[in-house]
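S.K.: Mind looking over this structure? Questions follow.
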Amino acid sequence: MGGVSARLDDLPLRADLRGQQPYGAPQAPLPVALNVNENTHPVPQEVADDILDSIALALRDVNRYPDREFTALREGFATYLGHGLTRDQIWAANGSNEVLQHLLQAFAGPGRTAFGFGPTYSMYPLLTRGTGAEWVVGTRGADYAIDAEDAASQVADAAPDVVFLCSPNNPTGTPVGLDVIEAVYEASRGIVIVDEAYFEFAPREERSALTLLPGRERLVVSRTMSKAFAFAGARVGYLAADPAVIDALRLVRLPYHLSALTQAAASAALRHAPVMLRMVEEIVAQRDRISATVEALGYTAHESWTNFVLFGGVDQPAATWRALYDRGVLIRDVGIPHHLRVTAGTEEETTAFLDALASVGSAA
Ligand SMILES: *Cc1c(COP(=O)(O)O)cnc(C)c1O
């Protein structure tokens, strides 16, 4: 090949992919990484030992394809979620991003549309366009809140095939009321996906959209092990829905998409759910500490039911982001003017961020 590489434009790329940018949150080896909402607490040793034993057992049969229906894992998710769910209502894949991709492959695709209220999770448009569908963005009210009546009328007007409701929302942290979900469902004819990636960080007494599933065959509630469960590197996401939705997803998934090692690791982690989740309250405490401290520094913190805080009043977000980077702290510029987003870390990481931000001193 003579060492000369072609450019993207030289390839017979799909016309609708030309000019698109890939997902690109920086992966820099900084001491304090608070940019992609991971759980920065490692998996507890006792659970890691059990996971390793389970993987060792699965390795003995790794010459064979895994259980295509990942039956034991679906059973584990049904038990973890509760609400009387059974395994025929559960689906899983390599991260909830793949779960969402399966939904879009089955229910979006060329000539169809998917809809979300911006600003919201940056992967929704990317995954939507990847299936050849069009992304349609709706609007939010004051402080990024969604009002039931307004949401229903926007969805009725757009008549999308798929609606995303990120609850609570990334990158803003904003809660979404169950009344909004009910109203959007009534106003639509398509699949309504409630993405509860951060649900475990919401106030304890809050009801999940899982309680709305009975009688709503177009409603889907997706979750992930990447955030509260401290399992981002294992890549496991899942959803609950009507068994007919699960049948639709079987049409588009790759055969044996969940490896035997992933199934074994995730099932083992689920057996220790209370231990895996025991850092959630500590993370929520650090989140609330971030909100209070950035306010004291002269910024505005948006209400958050997640493990991160979006704060405004940043004079020059790019410059502040860079100044923090130079101090060894990686956070996220999500492209909202005068805002930055930071993940709640361990107490030490959170202190490092807050000290660095105070030393930068750039509140508008
Ligand atoms: C992090 C996140 C996910 C999870 O992605 P995985 O593929 O499971 O790691 C899903 N939805 C939202 C809104 C997120 O922020």
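S.K.: Which residues, taken from the range 110-130, are within 21 Å of V184 (Cα to Cα) and away from the ligand (no atom under 12 Å from the Cβ)?
M.R.: R112, T113, A114, F115, F117, G118, P125, T128
S.K.: Another one. Pairs only if they're at least six apart or on different chains, beta carbon under 8 angstrom, first in the range 235-249 and among the basic types (K, R), second more than 11 Å from the ligand (Cβ to nearest atom); list them, first residue then second.
M.R.: R235/T262
S.K.: Further question on the same structure: In the range 100-113, is there at least one residue being charged (D, E, K, R), assigned by TED's automatic domain parsing to the domain that holds A151 and not in a loop (DSSP other than H, G, I, E, B)?
M.R.: No: the range 100-113 contains no residue that is charged (D, E, K, R), assigned by TED's automatic domain parsing to the domain that holds A151 and not in a loop (DSSP other than H, G, I, E, B).
S.K.: Condition first: among the small types (G, A, S), in contact with a Phe, Trp or Tyr (Cβ under 8 Å, 6 or more places away or on another chain) and away from the ligand (no atom under 14 Å from the Cβ). Can you find one or more residues in the range 187-194 that meet it?
M.R.: yes
S.K.: Then there's this: Where residues in the range 306-323 are touching a Gly at 6+ places or on another chain (Cβ under 7 Å) and surrounded by 20 or more Cβ atoms within 10 Å (Cβ to Cβ), which of them is nearest to P119 (Cα to Cα)? If you could, list the steps in order and put the result at the bottom.
M.R.: The first filter runs over the range 306-323 and keeps only residues touching a Gly at 6+ places or on another chain (Cβ under 7 Å), leaving 306, 308-310, 313.
Next, only the ones that are surrounded by 20 or more Cβ atoms within 10 Å (Cβ to Cβ) stay: 306, 308-310.
Values: T306: 16, F308: 15, V309: 14, L310: 12 Å.
Checking each candidate, the answer is L310.
S.K.: Quick check, is E69 free of Cβ contacts under 8 Å to residues at least 12 places away in the same chain and in the same structural domain as R112 (by TED's automatic domain parsing)? Lay out the reasoning, then the answer.
M.R.: Details: free of Cβ contacts under 8 Å to residues at least 12 places away in the same chain: yes; in the same structural domain as R112 (by TED's automatic domain parsing): yes.
Criteria met by E69.
S.K.: Then there's this: Given the structure, is G298 outside any helix (DSSP H, G or I) and either in contact with a Ser or Thr (Cβ under 9 Å, 6 or more places away or on another chain) or aliphatic (A, V, I, L, M) (or both)? Step through it out loud before you land on a result.
M.R.: Working: outside any helix (DSSP H, G or I): yes; either in contact with a Ser or Thr (Cβ under 9 Å, 6 or more places away or on another chain) or aliphatic (A, V, I, L, M) (or both): no.
Answer is no for this residue.
S.K.: If you don't mind, there's one more thing I want to ask. Could you say which residue among E348, E282 is within 22 Å of the chain's Cα centre (by Cα) and surrounded by fewer than 16 Cβ atoms within 10 Å (Cβ to Cβ)?
M.R.: After applying the criteria, what remains is E282.
S.K.: Of all residues in the range 131-161, which are surrounded by 17 or more Cβ atoms within 10 Å (Cβ to Cβ) and in contact with a helix residue (DSSP H, G or I) (Cβ under 7 Å, 6 or more places away or on another chain)?
M.R.: Answer for the range 131-161, where residues must be surrounded by 17 or more Cβ atoms within 10 Å (Cβ to Cβ) and in contact with a helix residue (DSSP H, G or I) (Cβ under 7 Å, 6 or more places away or on another chain): T131, A133, W135, V136, G138, I146, A148, A151, A152, V155, D161.
S.K.: For the range 161-189, what are the residues that are part of a loop (DSSP other than H, G, I, E, B) and more than 21 Å from the chain's Cα centre (by Cα)?
M.R.: S188, R189
S.K.: Restricting the first residue to the range 155-170 and requiring it to be touching a residue at least 24 places away in the same chain (Cβ under 8 Å) and under 14 Å from G111 (Cα atoms), which pairs with a second residue that is among the hydroxyl-bearing types (S, T, Y) and within 16 Å of the ligand (Cβ to nearest atom) meet a Cβ separation below 9 Å and a spacing of at least six or different chains?
M.R.: If the second residue must be among the hydroxyl-bearing types (S, T, Y) and within 16 Å of the ligand (Cβ to nearest atom), the pairs left are V162/T128.
S.K.: Let me ask something else about it. What's the total number of residues in the range 324-333 that are β-branched (V, I, T) and either free of Cβ contacts under 8 Å to residues at least 40 places away in the same chain or surrounded by fewer than 18 Cβ atoms within 10 Å (Cβ to Cβ) (or both)? Outline the logic, then answer.
M.R.: First pass over the range 324-333, keeping only residues β-branched (V, I, T): 329, 331.
Next, from what is left, pick out any that are either free of Cβ contacts under 8 Å to residues at least 40 places away in the same chain or surrounded by fewer than 18 Cβ atoms within 10 Å (Cβ to Cβ) (or both): none.
The qualifying residues number 0.
S.K.: Do we find a residue being part of a loop (DSSP other than H, G, I, E, B), over 28 Å from the mean Cα position of the chain (by Cα) and on the phi > 0 side of the Ramachandran plot anywhere in the range 12-22?
M.R.: No, there is no match, as no residue in the range 12-22 is part of a loop (DSSP other than H, G, I, E, B), over 28 Å from the mean Cα position of the chain (by Cα) and on the phi > 0 side of the Ramachandran plot.
S.K.: Still on this structure: Only one of these is among the hydroxyl-bearing types (S, T, Y) and within 15 Å of the ligand (Cβ to nearest atom): S153, S167. Name it. It would help to see each step written out before you state the result.
M.R.: Working: S153 fails: within 15 Å of the ligand (Cβ to nearest atom).
Among S153, S167, only S167 is among the hydroxyl-bearing types (S, T, Y) and within 15 Å of the ligand (Cβ to nearest atom).
S.K.: What residue, of E282, E303, E349, is in a loop (DSSP other than H, G, I, E, B), under 27 Å from F199 (Cα atoms) and assigned by TED's automatic domain parsing to the domain that holds V36?
M.R.: Matching residue, one of E282, E303, E349: E303.
S.K.: A further question on this structure: Looking at (1) touching a Lys or Arg at 6+ places or on another chain (Cβ under 6 Å); (2) without any contact (Cβ under 8 Å) to a residue 24 or more places away in the chain, which is the only condition G138 fails?
M.R.: Every condition holds for G138 apart from (1).
S.K.: Another question about this same structure. For L310, all conditions in the list (1) closer than 18 Å to H339 by Cβ; (2) touching a Leu at 6+ places or on another chain (Cβ under 8 Å); (3) part of a helix (DSSP H, G or I); (4) of a type in the set (A, V, I, L, M, F, W, C) hold save one; what is the number of the exception?
M.R.: (3) is the only condition that L310 fails.
S.K.: Let me ask something else about it. Please enumerate the residues belonging to the range 190-206 that are closer than 20 Å to G237 by Cα, of a type in the set (D, E, K, R) and part of a loop (DSSP other than H, G, I, E, B). Walk me through it before giving the result.
M.R.: Quick first cut of the range 190-206, residues closer than 20 Å to G237 by Cα only: 191-202.
Restricting the remaining residues to those that are of a type in the set (D, E, K, R) gives 195-196, 200.
E196, the sole residue that qualifies.
S.K.: Then there's this: So which of A241, A234 ends up being within 14 Å of the ligand (Cβ to nearest atom), within 21 Å of the chain's Cα centre (by Cα), within 19 Å of N97 (Cβ to Cβ) and not aromatic (F, W, Y)? Walk me through how you get there before you give the answer.
M.R.: Details: A241 fails: within 14 Å of the ligand (Cβ to nearest atom).
Just one listed residue meets the conditions, A234.
The values are calculated or read from the model by the stated rules, or taken from the named source; none is laboratory data. Note that this is a predicted model, so its numbers are computed, not measured. For neighbour counting, all protein chains shown are included, and Cβ atoms are generated from backbone atoms with ideal geometry for every residue, glycine included.
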